[in-house]
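J.: Shown below is the structure under consideration.
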Amino acid sequence: MLALAITASSLLSGCPAPAQRPSPPGSTVPSEPPAGAPPSVPPPSGAPTRRPPAPPRENRLSPATLSLVTQARALLAHGDFNGASSTLDRALRIEPNNPLLWIELGRERLVESEAHLAEGCGRKALALASGDQGAQKQAGRLLADALRAQGRNQEAQELESQPFMR
C-alpha cells in the first residue's frame with residue numbers, strides 16, 4: 001500500500017517513478033533483447049567468430065561529377081588543358097574521396113606530360129579504391145603508365161604483377 005501511495009504521489013508531482021533494481025549478478029532470469037533486435041546466439045565455445053564477407057564495392061560518379069568529367073574530356077580533346085584541369089578540380093571538390101575522379105585527373109596529367117603528378121593521382125586513387133576491384137585495376141593501370149612515362153619500367157612491371165591487376 002505504501003508503494004502504491006509513493007508511485008501515485010510521484011506521478012501527480014511530475015517526478016519520475018523510482019527505477020527498478022537490476023537483477024543481481026548470476027541471476028538465472030534471462031534478459032530480453034531490446035524490441036526489434038534479433039536474438040543473439042553465442043558462438044559455440046572454441047569456434048572462431050566469422051563475419052560474412054563484405055560485398056564488393058563499386059564507386060560511381062554522381063550526376064554532377066559525371067557532367068563535369070564529360071566537360072573536362074571535351075575540353076581536353078580540344079587541347080584546353082587548363083580548362084580540363086580546373087573542371088576536374090571542381091569535381092574533386094564535390095567528391096574528394098572518389099577514386100574515379102583521381103584517375104581522370106591522373107589521365108589528364110599524363111596527356112599534359114606531367115608524369116610525376118599523374119603518379120601521385122594514381123597512388124591516391126589506389127588508396128581510395130579499396131574494395132572496388134574495377135577502380136583498383138584502373139588506378140593500377142594509371143600508376144603503371146605514369147611510372148613508365150618516368151622510365152621506371154621495372155616498378156611498373158612489379159605493379160602489374162600484383163593480384164589486383166589481374
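Where a number appears in this text, it was derived from the coordinates with a stated rule and is not lab data. The structure displayed is predicted, hence computed values, not measured ones. Please note: Cβ atoms are built from the backbone with ideal geometry, for glycine as well, and neighbour counts cover all protein chains shown.
J.: Would you mind calculating the gained length between residue 80 and residue 97 on full extension (0.36 nm times residue separation, minus the Cα-Cα distance), in nm to one decimal?
T.: 3.6 nm
J.: Right, here's the next one. Work out how much length residue 130 to residue 113 would gain on full extension: take 0.36 nm times their residue separation and subtract the Cα-Cα distance, in nm to one decimal.
T.: Net length gain for the segment: 3.4 nm.
J.: Please find the FRET efficiency linking residue 90 to residue 166, where r is the Cβ-Cβ separation and R0 is fixed at 35 Å, and quote it to the nearest 0.05.
T.: 0.50
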